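Worksheet: one structure, shown below.
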Amino acid sequence: MPRARKRTTDDTSPVATNVHVKVRPVANKKATKKKSIRKGSTSETDLAKKTVPKKSAPNQKKSVEVNKKRVTAKSSKASPRGSLAAELLYGLPEKEFRLVNRRTNVVERVVSRDEMESEFQLRQKELDDQYAQASKAMQKVTRWIEAGYFGQNASCTVALRKKFGNIVSPLRYVIEVHVPFKVSDRNLTKWPSGGPKKKMAKSATYCVPECVDDVLTKVVETRPYKTAATTLTSSIIPKSGLVRIKASKELVDITSSPATKLASTEVIGGLPTVESNKGNWGTFGIAFKDSAGTKSFGLANAHFADGTMVQPALKPSASDVSIWDIGVVVAGKKIEKNITGELNNEKFYVDATLLALNNKRSFVYNLVHDFKEESFLYARTYLRNSHSNSNRSDALKKVFKFGARTKERLEGFIENPEDTSVVLDGSSIGKVIRARRNGSSQFTLGGDSGSVLVAPIVDLKTNKERFLVVGLCFGGLDGDDKTLYACQFAAVIKALGLSIPSGLLRDTWAYRRT
């Protein structure tokens, strides 16, 4: 059934609702074509032109018409090309853009991650209050979604407001309603004033209200998927993987050196791996010693580690096969489920498996090039938008990942550490980390499942800069390769009962300013 929200004067793209689409793990999806504008909707160029007010006569005030009201707000063109939407999509300098939010009459500007974080710190108390207000209002929206008013497979979360996929300043929390497809509001039933009535027809598909308890809403078209690649072909499996020569400690990519004797190397996290029956492949994200310091363990996602043995995707020499196996999935340590959090009725999603690594080989902690093994710490507490016992927030902080498919260290930021919008197989899975790259570059692709998300921090115990493992990546969004999802690492530790040395676990830390 089509599902969408009522068109608002603030939206610059066609609004719609969702239809029933069964969401399932998607493997190695090809680049998604840009969505075409549907018949009867406004073109991007026209929409962009509407964003910029027409010039008025010399003696008249410049204004923007909003629902037949005159608002004294000015929006400037960034360049003479005429289409703000196209200019943003094609990557012109972000700082040039000013957009008028016609529901709040505020001039908004697309900002960089560093600017976001600076503004967030200056307005943290105000934004904390906004987040609390939006979270409370979201409870109403969640009940309406569960009642089926907005269609099947809808979900919602609290997020910072975005334009064309980029966060804008002034920062403002909104309720994002996620639907598989957006359709015109002409096919929807108008949302009743004052909210749903007792005898309201649940068979109808309703427009999402523009505002709930003074919190703006935003309808977004998304289809989450797990980032395991399920088709093994020579064009899909990356013929690469970082190893380190034991003798010289030199880093070698087996793409350029396929004859490398693997028996003389150390395995580095971020290596492409497959399960023993070769049904799919993902990333062996990181390795660590147990608390006794005698056994080596590794982490990957449960949804691609279906076999008993996890192996690398490329075996250059038959003589290396017996020692090239990475490890065995530990019995009872393969989990795809919700676990209870610290707060009442709080659930966190875990998609993880623990590997007992092959001790015939040597394993190091590194993810890629300049990550040193002694630099890694592990988050034992959950990331939050706001911590009640401190002024710290984990939102908008810098993070890195290294996946086997994307094959390089990529930088992003935490968009929402407590995201609740992911719907897989028709149901919401619980709280996860949503991270994002700013700009047009990709952040995750099929095959990156199992890579870890790390944040550069200052260790409060030693006052040294370290890397903190905060998440285990498991999924992304169809058509939006700038967004990835990760399980909170504190939830992974709890679910798998990881025996990480206590000296490497951290409850408190400070983020490094860059």
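Full-extension gain between R123 and R186, please, as 0.36 nm times their residue separation minus the C-alpha to C-alpha distance. Don't skip to the answer; put the middle values down first.
Details: separation 63, 0.36 × 63 = 22.68 nm, distance 3.90 nm.
Length gained between R123 and R186: 18.8 nm.
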Can you pull the one-decimal nm distance between simple spin-label points at S499 and A331, each 7 Å off the Cα toward Cβ?
-> 1.5 nm
If you count, for each residue, the other Cβ atoms within 10 Å and average over each peptide, how do 166-177, 459-470 line up from highest to lowest?
-> 166-177, 459-470
Segment E408-V458, length gained on full extension (0.36 nm per residue, minus Cα span) | 15.6 nm
Beyond 23 Å (Cα-Cα) in this structure, taken from K226/K334; K289/K397; K295/K337; K125/K482, we find K289/K397; K295/K337; K125/K482
Simple label model, 7 Å out from Cα along Cβ direction - T294 to K246, nm | 2.1 nm
Pairwise label distance in nanometres, D114 with T381, each label 7 Å out on the Cα-Cβ vector | 2.8 nm
Prolate/oblate/rounded label for the stretch 413-504 (Cα gyration tensor, a/c 1.5) = oblate
Run the numbers on the stretch 188-230 and let me know its relative contact order in percent, using alpha-carbon pairs under 8 Å that are six or more apart.
-> 32 percent
Sequence order, the stretch 338-349: Karplus ³J(HN,Hα) from phi using 6.51 cos²θ - 1.76 cosθ + 1.60, θ = phi - 60°, Hz rounded, Gly and Pro as x, gives 8, 10, 6, x, 7, 9, 4, 6, 8, 10, 10, 8
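Where does each of C211, C487 land when they are ranked from fewest to most other beta-carbon atoms within 10 angstrom?
Working: C211 13, C487 29.
Sorted ascending by nearby Cβ count, the order is C211, C487.
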For F284, residues with placed amide H under 5 Å, excluding near neighbours = G270, L271, T273
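Calculate, in nm to one decimal, what A510 and S390 gain on full extension: separation in residues at 0.36 nm each, minus their alpha carbon distance.
Here the segment from A510 to S390 would lengthen by 42.1 nm.
Rule-based calculations on the coordinates, nothing more; no lab input. This one's a predicted model, so the numbers in the text were calculated from it and none came from an experiment. Cβ coordinates were reconstructed from backbone atoms using ideal geometry, including for glycine residues, and neighbour counts include every protein chain displayed.
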